[in-house]
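This report concerns only the one structure given below.
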Amino acid sequence: MRGLLAALSVAAVIGLAYWAYRENIRTQQTLDEARALRDEIAALRAAIDVQHAEWAYLNRPDRLRALAEMNFDVLGLVPMRPAQFGDVDQVAYPPAPGTIVPRIDGAIDLRAELGPER
């Protein structure tokens, strides 16, 4: 009886040791994966920061102005002025349901009248 109890105890200790070893290996692998993911996230954040810096560099007003002047004959871009913008009260909101909307016949001149800058 005593020998059987000792054998079962030894088998239980060996089984528990194997289980603890396997869990330790799994934990180490999971920690390595988490570390690799953290490193990848840091690298991606650094790449995003570089792209933000490049975007800011490429969108400098003086550079864009020079590009617009160089390609004026192709693009026809002109500098923006405050007179080109409208006021909030000029925004046409959609008509209420059931409202009869008049029909528009003919062309509409949408060019803004260029006046003194505000």
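The values are calculated or read from the model by the stated rules, or taken from the named source; none is laboratory data. Here the structure is a predicted model, which is why all the values come from computation and not from measurement. For neighbour counting, all protein chains shown are included, and Cβ atoms are generated from backbone atoms with ideal geometry for every residue, glycine included.
In the range 45-70, the residues that are at positive phi and acidic (Asp, Glu) form no Cβ pair under 6 Å with any partner that is part of a helix (DSSP H, G or I) and surrounded by 10 or more Cβ atoms within 10 Å (Cβ to Cβ), whether six or more places apart or across chains. Scoring ARG35 on the criteria (1) surrounded by 10 or more Cβ atoms within 10 Å (Cβ to Cβ); (2) modelled with pLDDT under 85 leaves a single failure, condition (2).
Yes/no matrix, rows are residues, columns are (1) under 27 Å from the mean Cα position of the chain (by Cα); (2) modelled with pLDDT under 80:
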{"residue": "ALA43", "(1), (2)": "yes, no"}
{"residue": "ASP49", "(1), (2)": "yes, no"}
{"residue": "ASN59", "(1), (2)": "yes, no"}
{"residue": "ARG63", "(1), (2)": "yes, no"}
{"residue": "PRO79", "(1), (2)": "no, yes"}
{"residue": "THR99", "(1), (2)": "no, no"}
{"residue": "ARG103", "(1), (2)": "no, yes"}
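When you look at LEU8, is it of a type in the set (A, V, I, L, M, F, W, C), at pLDDT 95 or above and assigned to a helix (DSSP H, G or I), yes or no? It is false that LEU8 is of a type in the set (A, V, I, L, M, F, W, C), at pLDDT 95 or above and assigned to a helix (DSSP H, G or I). With the requirement that a residue be surrounded by 10 or more Cβ atoms within 10 Å (Cβ to Cβ) and either over 31 Å from the mean Cα position of the chain (by Cα) or not polar (S, T, N, Q) (or both), what does the range 66-77 give you? Selection gives ALA66, LEU67, ALA68, GLU69, MET70, PHE72, LEU75, LEU77.
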